[in-house]
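Down below is the structure, laid out as structure tokens.
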Amino acid sequence: SLLLQPNQREGKEKNIYQGTTSEQPTVADLRKAIESRAISVVYQPKIFCKTGTLAGFEALARWCLDGKPIPPDRFIPLAEESGLIDDLTRLIIEQALKWLAAVSEEGESNLFAGIGQAHLSINISARTLTNAPLFQWVVSLCDELAIDHHRLIFELTESSAMGDTVTALDTLTRLRMQGFKLSIDDFGTGFSSMVQLVRLPFSEIKVDKSFVMDIGASAESRAVTRSIVDLGSSLGLLSTAEGVEDQDTLDYLKTLGCDLAQGYFISRPLKDNDVVDWYRQREGE
Ligand code: C2E
Ligand code: CA
Ligand code: CA
Ligand code: CA
């Protein structure tokens, strides 16, 4: 089985937020933040393992309350529980698509050609899949900004793909038919069976960072990572490893034939204005 105990493996990530507030933001705080558009987006690059060239970016939500960053692992569940998640998702998508359109235009001047081709991954919560109007809105926003559907990847966790209400399945199928791509996030930590992967039209499988970050230390994590990459390739999916923190891990992924890599070793999530600088520096090396 690919399923190991995820909660025992999440320990390392917690460190990022050491020193941040331990106060729990309220629903009212969150609603205010969404209404005043105080939640922003950062972009984490993904590269092709084989060539090291840019493949795309994952959009990640950021919120500072009274100057202190609140981790997404805290405010995303709050948004889900309080029914604010769809408003938050719209806010993220709007910022991210406008950014992608702007940066792609710069790319057309040929200086940053790679960015002009890059894909953009957006995290989608399970319950948003039942909101068909939201995805119609995404389609019109893409039209307005002249963004090809195939450049967008919607990332879903195993559990969200599992809640196979008729509407959710319908939304996923429709998105795929409209040319959007679907990715299964955090693979190996949920409780879905492989059946979901075959049944739903996914393009990408993401190996959860809890395994990837452990590659150097644990034969078990190496085995799980290898199995997921192999599963992806036999199903014709791109495999992505997230949480790549060092060169050895990247080298190991390369030997496995893993397609894409994402992690602090490649880049931290970047503010919109810092992406072009990061790209220029990387290409210059
Ligand atoms: P995720 O979708 O699995 O995103 C990857 C997380 O791993 C991000 O955490 C990213 O900053 C972190 N990460 C990337 N590379 C490394 C690395 O090398 N080492 C370590 N330790 N961590 C790495 P982040 O930004 O804190 O987000 C946490 C989770 O919150 C995300 O996990 C996702 O489930 C959720 N999230 C973030 N933004 C959004 C959003 O806009 N919408 C929804 N629905 N969920 C979001
Ligand atoms: Ca994700
Ligand atoms: Ca993930
Ligand atoms: Ca995660």
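Every number here is computed from the coordinates shown, using simple stated rules; none is lab data. Owing to the predicted nature of the structure, the values given are computational and were not obtained by experimental measurement. Heads up, the Cβs are rebuilt from the backbone with ideal geometry, glycines too, and the neighbour counts pull from every protein chain shown.
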Nearest-0.05 FRET efficiency for Lys68 and Asp148, computed from C-beta distance (R0 45 Å)
0.75
What full-extension length gain, to one decimal in nm, is calculated for Lys254 and Asp87 as 0.36 nm per residue of separation minus the Cα-Cα distance?
56.2 nm
Using the C-alpha gyration tensor of segment 129-285, what are the square roots of 5 times its eigenvalues, in whole angstrom, with the largest one first?
28, 23, 12
Working only with C-alpha atoms, what are the Rg and Dmax values of segment 31-107, expressed in angstrom?
14.5, 44
Label point distance in nm, Ser227-Asn273, each placed 7 Å from Cα along Cα→Cβ
4.7
Ranked by Cβ crowding within 10 angstrom, fewest neighbours first, how are Phe48, Phe187 ordered?
Phe48, Phe187
Lysines near Lys32 by alpha-carbon distance under 16 Å, same-chain residues fewer than 8 away left out - which ones?
Lys68
Cross-link reach list, lysines versus Lys98, counting only Cα pairs under 16 Å and skipping chain neighbours closer than eight places
Lys271
Residue-span extension gain [Ser140 to Thr173] - 0.36 nm each, minus C-alpha spacing
10.1 nm
Burial ordering of Thr189, Thr53, Thr255, fewest other beta-carbon atoms within 10 Å first
Thr255, Thr53, Thr189
